[in-house]
Amino acid sequence: MKLISEQPVVLSPVIEEAAGDNKEPEYFLEGIFMQAEIKNRNGRIYPLDIMKREVARYDREYVQTHRAFGELGHPNGKPDINLDRVSHIITKIWQDGNYFKARAKILNTPCGKIVQEMIKAGCQLGVSSRALGSTTVKEGVSYVNSDFHLITAGDIVFEPSAQAAFPTGIINEEVEWDIDPITGQYVQTVKADACKCDDTNQGDCCDAQQEKSVEVLLGELEAAKKTIATQQQELNELKNKLVGLKQLREFDKLLQNIK
């Protein structure tokens, strides 16, 4: 399985005033954390049944046991939760149609205090899920497979205001991960397709690599065809507008000659 992190989803902060004069207010982020059956900006789709099953496990094993932590920023390349980077704890997660909403309490940890100060300053923040899993490409779209394993429903990340400035969701292609069935820890494994295919090395591994490459290329080709068709349609519409404009100018000249 590969480490998958999604593009951030912007959330609105909630500030709850604490009872008593000397108590500090509590800070929360609440809203849509994940979505299913909808192609996201990374071109990936999470089937609803897979997302629903995994969120139920995450809720049971982490949220309800008060262990559903998230970090300030995504860690570099590792699936583990780094306790020294924890900024919040997810206290509630629920399904709303194809969306999965959650409520996260900002902690008084060093990273949590940074988030609190950013909220006070009016900064726009978002959350980005982190998980392990694999994908299958169909007609240019990546579908998340049933091995999807949620690590955290959301790390807190900076949310750019410009649509074009969204950071790209990541699948770390260089490293494969597995879950130890005894300890539950994440274990780095050797990539299944790490063989070298040449004239001296042929076999099932190479065949699988080639089949995967062909599948990806066919998906990209199909997506390119759709893009070209759309661009051709837009070009035709522009030509029709130009022709109409030219005819209008010729009609104006004709009127001028009559006058």
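The values are calculated or read from the model by the stated rules, or taken from the named source; none is laboratory data. These numbers were taken from a predicted model, which means no experiment stands behind them. A quick note on method: Cβ atoms are made from the backbone with ideal geometry, for glycine too, and the neighbour counts reach across all protein chains shown.
Inside region 95-133, can you point out the residues that are more than 15 Å from F28 (Cβ to Cβ) and either in contact with a Lys or Arg (Cβ under 6 Å, 6 or more places away or on another chain) or not assigned by TED's automatic domain parsing to the domain that holds I50 (or both)?
Within region 95-133, just C111 meets the criteria.
Taking the stated definitions as given, is I81 under 21 Å from E26 (Cα atoms), surrounded by 13 or more Cβ atoms within 10 Å (Cβ to Cβ) and β-branched (V, I, T)?
It is false that I81 is under 21 Å from E26 (Cα atoms), surrounded by 13 or more Cβ atoms within 10 Å (Cβ to Cβ) and β-branched (V, I, T).
Can you tell me which residue within region 38-58, out of those that are surrounded by fewer than 17 Cβ atoms within 10 Å (Cβ to Cβ), modelled with pLDDT of 95 or more and aliphatic (A, V, I, L, M), is farthest from the chain's Cα centre (by Cα)?
A56
So, T65, is that one in a loop (DSSP other than H, G, I, E, B) and β-branched (V, I, T) or not?
yes
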